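Read the structure below first, then the notes.
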Amino acid sequence: MSDTPFKWTCISCDKDISQDQEYCSECEEKRYRKIGGLLYLPLLNLLLIAYGYFTSLAVTLNAGLSTMGRIQASQSTYLFIAVAVNFILLLFIIYTASLFFRKKKELPLAYSILIVAGIVIMLIDRVVTSWMFPEIPLNFSQVMPILTHVIYACIWIPYFRTSARAKKTFIR
């Protein structure tokens, strides 16, 4: 047995570190400079949300234009308001994605706002659609996306708020 005490070293460069760390400060900074780990999932979700809003925008615009003059003016107006809301959300998704790729510290707040706004808008949409278009029933396929977004929000909003990885990656 040796007289020297056990030394803790960095996993990457073998520099001496304290017992509660895995990397030295230089290696840790390099490690968190890149987007990695679980952060790829929110990025993938941003792309899926953008696709969903773009599809919704296209379908709603097509419905508004093809039924103009054949349905009540209030229903047509609602369809065009829905198109505008989808377009604004698409712009906000582009802004949020730019924050993500530039690793800005504003990303956790913007991402949280995007998720919560999506849930609120889906709830409003379901209620208003049921009221303005009574022939469209409110069923499981319309309620399930709201539930999945709420579960998603319960996972990712706290992650972005408390995760050391997120705090060290989005620092600019």
Kyte-Doolittle at least 1.6, axis length at least 18 Å by Cα - qualifying DSSP helices, the chain: 73-101, 107-132
Whole-number accessible area per residue in Å² for the chain, which is evaluated in the context of all protein chains at 1.4 Å: 65 Å²
Per-pair calculated FRET efficiency, R0 = 30 Å: Lys7 and Lys34 via Cβ, rounded to 0.05: 0.60
Theoretical FRET efficiency, 1/(1+(r/R0)^6), r = Cβ-Cβ of Thr67 and Leu123, R0 22 Å, to 0.05: 0.35
Label zone at Met132 (point 7 Å along Cα-to-Cβ), backbone N below 11 Å, region 53-92: 64, 72-85
Computed label-point distance, nm, for sites Ile94 and Leu147 using a 7 Å Cα→Cβ extension: 3.5 nm
Charge tally in the Cβ shell below 13 Å around Ile113, where Lys, Arg are +1 and Asp, Glu are -1, Ile113 excluded: 0
In the chain, lysine pairs with alpha-carbon atoms under 19 angstrom apart (chain gap of 8 or more, or interchain): 18
Of all accessible heavy-atom area on region 32-128, the percent that carbon and sulfur account for (1.4 Å): 76 percent
Scattering profile of region 71-169 at q = 0.20 Å⁻¹ [log10 I(q)/I(0), Debye over alpha-carbon scatterers]: -1.04
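Just the C-alpha atoms of the chain: what Rg/Rh do they give, with Rh taken as the Kirkwood radius?
Result: Rg/Rh = 1.21.
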Thr9 long-range amide H proximity, modeled H, under 5 Å: Ile17
Peptides ranked, highest mean first, by Cβ atoms within 10 Å: ranges 96-104, 34-42: 96-104, 34-42
Semi-axis lengths, Å, region 18-93, gyration tensor of Cα atoms, sqrt of 5 times eigenvalues: 48, 9, 8
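The values are calculated or read from the model by the stated rules, or taken from the named source; none is laboratory data. On a predicted model such as this, the values are computed, not experimentally measured, just so you know. Backbone-built Cβ (ideal geometry, glycine too); neighbour counts: all protein chains shown. In case anyone asks, the SASA skips ligands and DNA or RNA and just uses the protein heavy atoms, side chains included. Shrake-Rupley method; radii C 1.70, N 1.55, O 1.52, S 1.80 Å.
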